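J.: Can you keep this structure in mind? I'll have questions shortly.
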Amino acid sequence: MSYIDSKYHPTERDLVALFELAPAQGFSVPQAAEHLAGESSIGTWTKVGTVKDITPGLAPHVFRIQGNLVWVAYPEALFEPGNLPQVLSSIAGNVFGMSALEQLRLHDITFTRGLAESFPGPAFGVPGVRQLLKVPRRPLVGTIVKPKVGLPTKAHAAVVYESLAGGCDVVKDDENLTSQAFNPFEERVSQTLEAVDHAREETGEEKAYLPNVSANVDEMVRRAELVKEMGGTYAMIDVLTCGFSAVAHLRAQELGLALHAHRAMHAAITRNPRHGISMLALAKCLRLLGVDQLHIGAVVGKMEGGRSDVEAIHHAINGSSFPGEEANLALPQAWGGHRSVFSVASGGLNPLNVPALLEIFGADVVMQFGGGIHGHPKGTRAGAAAVRQALDLALEGTPLADGLEGRPELAAAMRKWKDMGAGKGYGAGS
């Protein structure tokens, strides 16, 4: 058992990973942990003569085993600074295919300060986005153009205008709208940014459109450059389907665009609680790469994700440091000078969810509604107005049911969605 050392204490030069493993038949947890540590670092399946020439001090340490939970400390020297693919190819690569393991879950990672600072982090983050949109304190309100795909360009731009004019701060494309024949990218960005200007002039508020630039890397950068040339302030990228290197490459262009990260496909990696990689670990990686906003779930609404898990992600990406939460299998992280990331709460939300969202996330959140705005009985503009009205009431501590006078849009939303409540145990008056 050359890697297991319960007396070892990780140092500030160790990357620490927390795994949960189910050993395959014939293996004990310590035996499986031994295989895991070796395969993710300097080991191989049999003795090799070349090991005598290995650089000293590179062996990992399995310093804690508790049930099926395994903590591994990896020397920082094993990893190339600024190269997230290399880091993940080590600690989350071949290990998932090992015959010694029936299941494996990477719950979290603590990056060393040196590794963390080798990545750029967000260009805007929470403070920069607030300055960009001139919203110094309250949560941001956003929506997604619905239906996801199918609208022609003119209709798409009209939906964006109605949403912004009604009270949204930002409107984004959905994850599978890029540049289809019915709504080509260049045409859409041009017409939609005109709609943004119109809404900005009408409301006196700063507004933004988040076009989805996801594509092959060269085309993605070309699209982002086009957004900048046309006067846009944001780009959205499907961070997992495009890949970590694509995110890093887009961030490196220094285009002056805030990056909105959609997590499409994450559940294929994160959803099984005993296998794969947690959303918390992915969120930490994406903060290092430099996204400014990241979908993390909403607790209430239609998407899977328990409150403790979502709150752990929010706290990890939203502060200057994260103490870790043992109950949530979350490790601590010091972020150095990296800016915090705006959490995006989305998925089946309606105006009745606003008080719960404020209670869960506080002010540093983008509350994002799709059908909960566009499904309003009086249309998109009224749906956006209903959300802003609900937010105003929640910020002043007034139950929504007590503040309907003079707010017909919110009253109509209450009538439509009252049978749904506010989702997962939250009432509209909470």
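Taken together, the values in this text are just the output of simple stated rules run on the coordinates, not laboratory data. Since the model is a prediction, treat every value here as computed from it, not as a measurement. Virtual Cβ from ideal backbone geometry, glycine too; neighbours counted across all protein chains shown.
J.: Neighbour counts of other C-beta atoms within 10 Å: give me M98, M420 arranged from fewest to most.
T.: M420, M98
J.: While we're here: Given H placed 1.01 Å from N in the peptide plane, which residues other than close sequence neighbours of I4 have an amide H under 5 Å from its amide H?
T.: Sorted by chain and number, the residues that satisfy this are V62.
J.: Related question: In this model, which of K148/K228; K172/K207; K154/K416 are farther than 19 Å apart at the alpha-carbon? Intermediate results must be reported in sequence, preceding the final value.
T.: Details: K148/K228 24 Å; K172/K207 11 Å; K154/K416 28 Å.
As for pairs spanning more than 19 Å Cα to Cα, those are K148/K228; K154/K416.
J.: Residue by residue through the stretch 402-418, what is 3J(HN,Hα) from phi via Karplus (6.51 cos²θ - 1.76 cosθ + 1.60, θ = phi - 60°)? Round to whole Hz and write x for glycine and proline.
T.: Taking θ as phi minus 60°, the curve returns 8, x, 7, 4, x, 10, x, 5, 5, 4, 5, 5, 4, 5, 5, 9, 4 Hz for the stretch 402-418.
J.: What GluC sites (Glu not before Pro) in the stretch 198-296 are in a loop by DSSP, with at most 11 other Cβ atoms within 10 Å of the Cβ?
T.: Sparse-neighbourhood loop GluC sites (Glu not before Pro): E254.
J.: Rounded to the nearest 20 Debye, what is the dipole magnitude of the stretch 125-420 about its Cα centre when Lys and Arg each give +1 and Asp and Glu each give -1 at the C-beta?
T.: Computed about the Cα centre, the dipole is about 380 debye.
J.: For the chain, what is the calculated [θ] at 222 nm in deg cm²/dmol (nearest 500), taking -39500 (n - 2.57) for each run of four or more DSSP H residues and dividing by its residue count?
T.: The per-residue figure over the chain is -11000 deg cm²/dmol.
J.: Along the charge dipole of the stretch 247-390, Cβ charges K/R +1 and D/E -1, which of L250, G301, G370 sits furthest on the positive end?
T.: My answer, from the dipole projection, is G370.
J.: Need one number: convex hull volume per residue for the chain, Cα atoms only, in Å³. Before the final figure, lay out each step's value.
T.: On the way: hull volume 63.6 nm³, N = 430.
Spelled out: Cα convex hull of the chain, divided by residues, is 148 Å³.
J.: Sequence-distant or interchain residues sharing an amide H contact under 5 Å with E325, placed H: which?
T.: Under 5 Å from the amide H of E325: A330, L331.
J.: Can you put T192, T110 in order of Cβ neighbours within 10 angstrom, beginning with the fewest?
T.: Ordered from fewest to most neighbouring Cβ atoms within 10 Å, T192, T110 come out as T110, T192.
J.: With all distinct Cα pairs included, what does the Kirkwood hydrodynamic radius of the stretch 14-117 come out to in Å, to one decimal, could you say?
T.: On the way: mean 1/r = 0.0710 Å⁻¹.
In the stretch 14-117 this quantity evaluates to 14.1 Å.
J.: Continuing with the same structure: Under the Karplus relation 6.51 cos²θ - 1.76 cosθ + 1.60, θ = phi - 60°, what is the ordered set of whole-Hz ³J(HN,Hα) values for the stretch 281-298, x standing for Gly and Pro?
T.: Ordered by residue, 3J(HN,Hα) equals 5, 5, 5, 4, 4, 6, 5, 4, 5, x, 6, 9, 9, 8, 5, 10, x, 9 Hz.
J.: Which residue, chosen from V171, T153, G204, occupies the Cα position most advanced towards the positive end of the dipole of the stretch 146-212, where the dipole is computed from +1 (Lys, Arg) and -1 (Asp, Glu) charges on Cβ about the Cα centre?
T.: Towards the positive end, the residue furthest out is T153.
J.: Picking from S28, F111, S89, whose Cα lies most toward the positive end of the charge dipole for the stretch 14-117 (charges on Cβ: Lys, Arg +1; Asp, Glu -1)?
T.: Value: S28.
J.: From Cα pairs below 8 angstrom and at least 6 apart in sequence, can you work out the relative contact order of the stretch 77-200, rounded to a whole percent? Could the numbers behind the result be given before it?
T.: Numbers: 97 pairs, mean separation 26.8, N = 124.
Relative contact order for the stretch 77-200 comes out at 22 percent.
J.: How large is the charge dipole for the stretch 14-117, taken about the Cα centre, if only the Cβ atoms of Lys, Arg (+1) and Asp, Glu (-1) carry charge, to the nearest 20 debye?
T.: Around 180 debye, computed over the stretch 14-117.
J.: Also, quick follow-up: When the Karplus curve 6.51 cos²θ - 1.76 cosθ + 1.60 is applied with θ = phi - 60°, which whole-Hz ³J(HN,Hα) does each residue of the stretch 72-79 get, with x for Gly and Pro?
T.: Coupling constants for the stretch 72-79: 10, 9, 10, x, 4, 5, 6, 10 Hz.
J.: Another question, if that's okay. If the only charges are +1 at each Lys and Arg Cβ and -1 at each Asp and Glu Cβ, what is the size of the charge dipole of the stretch 165-261 around the Cα centre, to the nearest 20 debye?
T.: Charge dipole of the stretch 165-261: 260 debye, to the nearest 20.
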